[in-house]
Structure formats: structure tokens, C-alpha cells
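Below: one structure, written as C-alpha cells.
The values are calculated or read from the model by the stated rules, or taken from the named source; none is laboratory data. Predicted, not measured: the structure shown is a model, and the values here were computed from it. Cβ placement follows ideal geometry from the backbone for every residue including glycine, while neighbour counts extend to all protein chains displayed. Each accessible area value is taken on the protein alone, full model and side chains, heavy atoms only, with ligands, DNA and RNA left out. Shrake-Rupley method; radii C 1.70, N 1.55, O 1.52, S 1.80 Å.
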Amino acid sequence: FTEQAPFHIVTPLKESHALSKLAGTTVLMKLENVQPAGSFKIRGIGHYCQKLAKKGCTRFVCSSGGNAGLAAAYACRRLALPATIVVPQTTGADIVQKLQDLGADVVVTGKVWDDADAHAHQLTETPGSVYISPFNHPLVWEGHASLVCELKASLGSQKPGALVVSVGGGGLLAGLAEGMKKVGWSDIPIIAMETKGAHCLNAALEAGKPISLPDITSVAKCLGAKTVCDRAYECTREHKVISITVDDREAIRAVEMFLDDELMFVEPACGAALAAVYSGHIQRLQQEGSLKTPLDPIVMVVCGGSGISISQLQHFKSQLNIN
Ligand SMILES: COC[C@H](NCc1c(COP(=O)(O)O)cnc(C)c1O)C(=O)O
């Protein structure tokens, strides 16, 4: 009985000279944008689907801003199991088409991810189908933790100065923290990036407990969960997490500068993480002593995502009146 190989790939860890120059330390990019289904999501969602299929699950229902849905559709195709992906009206038509091309049934409903998620739960009330959360399950966090094991294998005894990650519902943060505990990096700070208008972790830290945002007003709809998952919030109690919010314009400008610098095209959710360097936060954190100086090489999780195209970028720029 052979253990099924994971659906994710080991991704490159590549130095960025442009980001390093700006950050004042070496910036290593963990290129999750080259994963199957286009983002890091396949690590946690693929792991979850494999485990549940082995337990006899025969149909999955996944709520998503889009990227977790693509990962679920890809995993279910590999498992030859039917999948229904429930996305909000803010999810672009091209992602819906990609989901259908992967063989998934797609339901578009609700204003934001939380509304789509409520519908996904209704669909799984009938027995026979299993709900997949895009960020709130131990198997998802366990799958995402594989990213840190790969970093450890690449860096050996060299500890990173920090990990930079974007936060939607907090599944990636929770998975990274779990992996860091596993490899003995619990002392390494995590820079948790959000766009204003999708800043549920930052709001929770301000309030001292997970609270729900009234609405999602950021263009980074794939960060658009109104409430951060409890596990991610607990991580901030066990691990040094520096929460930073950037505005949509910074996230979009980061997407553009990254395209010019590294010739890779990522969506606003990933732009939020890149803005940690492009908007000078890594530099500021060193100057104010929140990060050590000299700072060991930092790892930028290039989370990827399919919510971008040349026409969508132009739409974002006119919407945010960026010249
Ligand atoms: C509403 O959406 C939640 C989730 N996107 C989450 C997401 C994140 C943040 O990951 P999280 O913090 O949700 O685990 C980062 N970077 C990208 C490209 C993402 O798509 C989804 O696809 O369903």
C-alpha cells in the first residue's frame, strides 16, 4: 500500500536582488506562485482532500475567494472525485472558468467570501459531501507547514531573520507557525501583511480577540475573510507576529514593481506581502529595532494567486486612480 504522493511540488527558494537592495538585507522568495493551481493553497487543501478521500469521502464542497477553490478542484480532479466550489460575486469570471475547466461545479453567490461560505455549509448539510474550509482546519495548517520544512532543508543551520506572509483567514499564518515550531524556528518573527479593508487579524489584535470586520472593502478579495480563524489568533500569543496593514494602492503598486523586477505576475493578495519591502516596512522595522540589525536573510512567501490579469490590473489602477 503506497502512501499517495502529495499534490504540491517543492518550490524554488530564489534570491531577489531587487527586493534585497530595497530591504537592506537578503530577501529570499519562496515561489508558491509556481505551485499546481497557482498558489500555496494546494499544500493544505491537497493534504485535506487526500486524507478525507482515504476516509471514504466521495464529494467535496469548498468555499473560496478563488485560489483555495482552484486547489480543491485540482485535488479532486487528481482524486477523480466531484467537487463543488462556492465563490462570492467578487470572484472574477476567469477564475470561474478555470474552476469549470478543472471539472468542478461552481456556485457564485453572496457579496463576500463569508456569504459564499454560509452557502457551502448549507450544501454540506445533506450527507455524502464534505465541507472544505479555505483556511480553518488542522489538516490545512498541517499541509501548509510543509513549506517551512522545505525552507529548513534549503537553509540548514542558517535561521531566517523573518518570514513575510499575507493574511486572509489566517490559514497560511497558522500553517507557517506550526512548521516553524516543528523545525525550531519559534523565535523567528512572522511579518503578517494585510490590506486595509481586509485586515481581520490586525483588527483582532487591536480588539484583543477575533472580531468580525463589518465588510470587505479592499480590492484584495482573496484576503476577504471578515474574521480571522482562532488558530491564527492563538499563534500571535505563542509566536512573535508583527501585524502590518497596507492600503490597496500599495498592494497594486507592489504587484507592478514585482512584475518589473522579477518578471512574475501576482495578485493583490500577494502584493500585500510584497509591500512589506516595496513600502519600506522591513527597513523601518530594522531602524526601530523591531527586527535585528544586521538582519539575517528574510523569506518572502510569494503566495501566488490567479486573481490577476493585464485587464484586471488596468481596472484596479483606474479604480484606485493610480496613473
Ligand atoms: C477569502 O479567500 C480565502 C482564500 N485566499 C487566501 C489567500 C491568502 C491568505 O491565506 P489565508 O490567510 O486565508 O490562509 C494569501 N494569498 C492568496 C493568493 C490567497 O488566495 C481563498 O482562496 O479561498
For residue 49, only one of the following conditions fails: (1) open to solvent by 20 Å² or more (accessible area, probe 1.4 Å); (2) in contact (Cβ under 8 Å) with a residue 60 or more places away in the chain. What is its number?
(1)
Please verify whether segment 69-76 includes one or more residues that are under 24 Å from residue 216 (Cβ atoms), touching a Leu at 6+ places or on another chain (Cβ under 7 Å) and either of a type in the set (S, T, N, Q) or not in a helix (DSSP H, G or I) (or both).
no
Give the residue that is farthest from residue 39 (Cα to Cα), with candidates limited to residues of segment 295-304 that are open to solvent by less than 20 Å² (accessible area, probe 1.4 Å) and more than 16 Å from the ligand (Cβ to nearest atom).
295
May I ask you to verify whether residue 100 is over 19 Å from the mean Cα position of the chain (by Cα) and part of a loop (DSSP other than H, G, I, E, B)?
no
One residue from 194, 256, 267 being surrounded by fewer than 21 Cβ atoms within 10 Å (Cβ to Cβ) and among the charged types (D, E, K, R)
256
List, please: which pairs have Cβ atoms under 8 Å, are six or more places apart or on different chains, and start with a residue in segment 63-78 that is touching a residue at least 60 places away in the same chain (Cβ under 8 Å) and end with one that is open to solvent by less than 10 Å² (accessible area, probe 1.4 Å) and acidic (Asp, Glu)?
none
Mind listing whichever residues of segment 86-105 are touching a residue at least 24 places away in the same chain (Cβ under 8 Å) and either within 13 Å of the ligand (Cβ to nearest atom) or touching a Lys or Arg at 6+ places or on another chain (Cβ under 7 Å) (or both)?
86, 87, 88, 90, 91, 92, 95, 98, 99, 102, 103
How many residues does segment 167-189 hold that are out of contact with any Cys (no Cβ under 8 Å at 6 or more places or on another chain) and more than 12 Å from the ligand (Cβ to nearest atom)?
9
Anything in segment 156-186 that is assigned to a helix (DSSP H, G or I) and free of Cβ contacts under 8 Å to residues at least 60 places away in the same chain? List them, or say none.
178, 179, 180, 181, 182, 183
Quick check on residue 107: is it open to solvent by 30 Å² or more (accessible area, probe 1.4 Å) and of a type in the set (A, V, I, L, M)?
yes
For segment 119-138, the count of residues that are within 26 Å of residue 234 (Cβ to Cβ) and either away from the ligand (no atom under 13 Å from the Cβ) or not hydrophobic (A, V, I, L, M, F, W, C) (or both) equals 9
Spot the failing condition for residue 218; the list is (1) open to solvent by less than 20 Å² (accessible area, probe 1.4 Å); (2) under 22 Å from residue 160 (Cβ atoms); (3) among the polar types (S, T, N, Q), and only one is missed.
(2)
Residues to consider are 113, 141; find the one that is within 12 Å of the ligand (Cβ to nearest atom), open to solvent by 10 Å² or more (accessible area, probe 1.4 Å) and in contact with an Asp or Glu (Cβ under 7 Å, 6 or more places away or on another chain).
141
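For (1) of a type outside the set (Phe, Trp, Tyr); (2) closer than 22 Å to residue 255 by Cβ; (3) open to solvent by less than 40 Å² (accessible area, probe 1.4 Å); (4) modelled with pLDDT of 95 or more, each residue gets a yes or a no:
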| residue | (1), (2), (3), (4) |
| --- | --- |
| 3 | yes, no, no, no |
| 7 | no, no, yes, yes |
| 22 | yes, yes, no, yes |
| 31 | yes, yes, yes, yes |
| 37 | yes, yes, yes, yes |
| 45 | yes, no, yes, yes |
| 68 | yes, yes, yes, yes |
| 74 | no, no, no, yes |
Taking the condition of being within 8 Å of the ligand (Cβ to nearest atom) and closer than 19 Å to residue 317 by Cα, how many residues in segment 199-228 meet it?
3
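Yes or no, residue by residue, for (1) open to solvent by 10 Å² or more (accessible area, probe 1.4 Å); (2) outside any helix (DSSP H, G or I); (3) within 16 Å of the ligand (Cβ to nearest atom):
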{"position": "245", "(1), (2), (3)": "yes, yes, yes"}
{"position": "249", "(1), (2), (3)": "yes, no, no"}
{"position": "283", "(1), (2), (3)": "yes, no, no"}
{"position": "289", "(1), (2), (3)": "yes, yes, no"}
{"position": "293", "(1), (2), (3)": "yes, yes, no"}
{"position": "306", "(1), (2), (3)": "yes, yes, yes"}
{"position": "312", "(1), (2), (3)": "yes, no, yes"}
Reported set for segment 226-243 where residues are part of a helix (DSSP H, G or I) and open to solvent by less than 60 Å² (accessible area, probe 1.4 Å) is 231, 232, 233, 235, 236
